[in-house]
Amino acid sequence: MKPLEIKKGIYWVGVIDWNMRSFHGHTYTTKRGTTYNAYLIVDEKIALIDTVYGPFANELVERIREIVPPEKIDYVIANHVETDHSGAMPALMKLCPKAKVYGTQKCKEGLYRNYYENWDFQVVKTGDTLKLGKKTLTFIEAPMIHWPDSMFTYCREEELLMPNDAFGQHYATSARFDDEVDQCELMEEAKKYYANILWPLSSMIARKLEELQKMSLPINMIAPSHGIIWRKDPMKIVNAYAGWAKNTIAPKVVMVYETMWGSTEKMARKIAEGISDAGVDVKICDIAATDRTEVVTDMLDAKGFLIGSSTHDNDMLPTIAGFLEFLKGLKAKNRVAGVFGSFGWAGGAVAEMEKVLVEGGIGAAIPSISCKSVPDENDLKACYQFGKDFAGKVV
Ligand code: FEO
């Protein structure tokens, strides 16, 4: 794949990782692969914005070489330390050892702790600029979006924002722009990315979006470091982030359960029937058979969460326990939440699940329903009514 000129004198020189299927230490299933986007700006001075994941360093270098000899790079802008964007830096910096690296103070510390190299480093803060010739770069610190070191780079002459991880998607495609891909796939991947990576940072994202608005930077293109570049409608993703960051939720229910011998599953299906018959959208997922990455994506904007488990050793089953731990880390708040499950003799799962939901601030005043062994006709009627009542709480 050739480098692509995305703006006059600004080239995409990134890498498409078609086969990446598991990201961030197996916390994120990337069924459509990903890209590591890096951008080369050729002006009187030459700047590279971010690099790529280390195993692809040669591909990055060869792509740069199609435009300029890498030795001519004057500046490497490191928007983010994480290895998927900085992993190629050691190989690249060997080719341009005099290039000055720009980034935040935390980035400087982070790069050193990753690579133990003493590159010439210029620490920058929000509002600092770097003139390349006709183009000027402005830096905007973006701590915890999504690491302490994170930074956005803006080119005002081209009205181009390069926000690194923000507004990205794990979406490998030979297309580079939003208007060249299926819009449903694109927004599905953008939502998944937000839910699995940025959800716990929503309050900081809301503040950063307000700050950007106050800065009144004209933006006609957003070029993130993963996935496609937003050129047709950059505000589409900004507005989507604004909604997710403000916890905008819809009257729908996501039910997640784990079952041992099928009794909890029978309850799940009957509860879902009650919800659906009440006119509320419901999705049910057996967590032992469903990808967690997809489930939390559905939960991002769902008002109702229902969690179910059979009792095992006076506790919930281990897969649902792991799922709840992950959900707690995402800091989902203030949902209408409920729990259900079957038990053989003493029970325990329902109480344990309830505890996690309440202590994690995910939901309060949680309704629950339990059933001893296999649900009979009366139990199933009660489950159906439980579903109807629950639906009434989410509309
Ligand atoms: Fe935070 Fe794409 O790395």
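Please give the number of the condition residue 289 fails out of (1) under 30 Å from residue 204 (Cα atoms); (2) modelled with pLDDT under 95.
That leaves (1) as the condition not met.
Taking residue 226 and the conditions (1) assigned by TED's automatic domain parsing to the domain that holds residue 184; (2) open to solvent by 40 Å² or more (accessible area, probe 1.4 Å); (3) not in a helix (DSSP H, G or I), which numbered condition does it fall short on, given that it satisfies the others?
In the conditions (1) assigned by TED's automatic domain parsing to the domain that holds residue 184; (2) open to solvent by 40 Å² or more (accessible area, probe 1.4 Å); (3) not in a helix (DSSP H, G or I), residue 226 misses (2) alone.
Being in contact with a Pro (Cβ under 7 Å, 6 or more places away or on another chain) and either within 16 Å of the ligand (Cβ to nearest atom) or outside any helix (DSSP H, G or I) (or both) is the requirement here; does residue 67 meet it?
It is true that residue 67 is in contact with a Pro (Cβ under 7 Å, 6 or more places away or on another chain) and either within 16 Å of the ligand (Cβ to nearest atom) or outside any helix (DSSP H, G or I) (or both).
Is one or more of the residues making up the range 93-101 touching a strand residue (DSSP E or B) at 6+ places or on another chain (Cβ under 9 Å) and either within 16 Å of the ligand (Cβ to nearest atom) or part of a strand (DSSP E or B) (or both)?
yes
For the range 59-73, which positions are open to solvent by 20 Å² or more (accessible area, probe 1.4 Å) and within 27 Å of the chain's Cα centre (by Cα)?
59
Restricting the search to the range 287-326, which residues are in contact with a Ser or Thr (Cβ under 7 Å, 6 or more places away or on another chain) and closer than 26 Å to residue 388 by Cβ? First the steps, then the outcome.
Filtering the range 287-326 down to residues in contact with a Ser or Thr (Cβ under 7 Å, 6 or more places away or on another chain) leaves 287-288, 291, 293, 301, 308-310, 316-317, 320.
Of everything in the range 287-326, those that are in contact with a Ser or Thr (Cβ under 7 Å, 6 or more places away or on another chain) and closer than 26 Å to residue 388 by Cβ turn out to be 287, 301, 308, 309, 310, 316, 320.
Working carefully through the options 290, 319, find the one that is assigned to a helix (DSSP H, G or I) and under 23 Å from the mean Cα position of the chain (by Cα). Lay out the reasoning, then the answer.
On the way: 290 fails: assigned to a helix (DSSP H, G or I).
The match here is 319.
What is the residue count in the range 143-187 for residues that are polar (S, T, N, Q), more than 12 Å from the ligand (Cβ to nearest atom) and either crowded, with 21+ Cβ neighbours inside 10 Å or free of Cβ contacts under 8 Å to residues at least 24 places away in the same chain (or both)?
Qualifying residue count for the region: 2.
When residue 195 is evaluated against the numbered criteria (1) in a loop (DSSP other than H, G, I, E, B); (2) within 16 Å of the chain's Cα centre (by Cα), which criterion, by number, is the only one it fails?
Answer for residue 195: the failing condition is (1).
Can you tell me which of 118, 164 is within 28 Å of residue 236 (Cα to Cα), in a loop (DSSP other than H, G, I, E, B) and out of contact with any Lys or Arg (no Cβ under 9 Å at 6 or more places or on another chain)?
164
Restricting attention to the range 74-89, and to residues there that are part of a loop (DSSP other than H, G, I, E, B) and surrounded by fewer than 24 Cβ atoms within 10 Å (Cβ to Cβ), which single residue is nearest to the ligand (Cβ to nearest atom)?
We begin by selecting, within the range 74-89, every residue part of a loop (DSSP other than H, G, I, E, B); these are 74, 78-82, 87-88.
Among the residues that remain, those that are also surrounded by fewer than 24 Cβ atoms within 10 Å (Cβ to Cβ) are: 74, 82, 87.
On the way: 74: 25, 82: 4, 87: 10 Å.
Result: 82.
Out of all the residues in the range 17-45, which are within 14 Å of residue 61 (Cα to Cα) and either polar (S, T, N, Q) or open to solvent by 10 Å² or more (accessible area, probe 1.4 Å) (or both)?
Correct list: 37 only.
Within the range 339-358, how many residues are in contact (Cβ under 8 Å) with a residue 24 or more places away in the chain and more than 21 Å from residue 313 (Cα to Cα)?
0
With (1) closer than 27 Å to residue 295 by Cβ; (2) in contact with a helix residue (DSSP H, G or I) (Cβ under 7 Å, 6 or more places away or on another chain); (3) polar (S, T, N, Q) as the list, and residue 51 as the residue in question, which single condition is left unmet?
(1)
List every residue pair whose Cβ atoms lie under 7 Å apart, where the two residues are 6 or more positions apart in sequence or sit on different chains, the first residue falls within the range 21-50 and is closer than 19 Å to residue 185 by Cβ, and the second residue, located anywhere, is of a type in the set (Gly, Ala, Ser) and assigned to a strand (DSSP E or B).
29/22; 30/22
Which residue, of 212, 217, is outside any helix (DSSP H, G or I) and more than 16 Å from the ligand (Cβ to nearest atom)?
So the residue among 212, 217 that is outside any helix (DSSP H, G or I) and more than 16 Å from the ligand (Cβ to nearest atom) is 217.
Would you confirm whether any residue within the range 274-294 is hydroxyl-bearing (Ser, Thr, Tyr), assigned by TED's automatic domain parsing to the domain that holds residue 183 and under 30 Å from residue 176 (Cβ atoms)?
no
The values are calculated or read from the model by the stated rules, or taken from the named source; none is laboratory data. Small disclaimer: the values here were computed from a predicted structure and weren't measured. Cβ atoms come from the backbone with ideal geometry, glycine included; neighbour counts cover every protein chain shown. Side chains included, ligands, DNA and RNA excluded: accessible areas come from the protein's heavy atoms. Shrake-Rupley method; radii C 1.70, N 1.55, O 1.52, S 1.80 Å.
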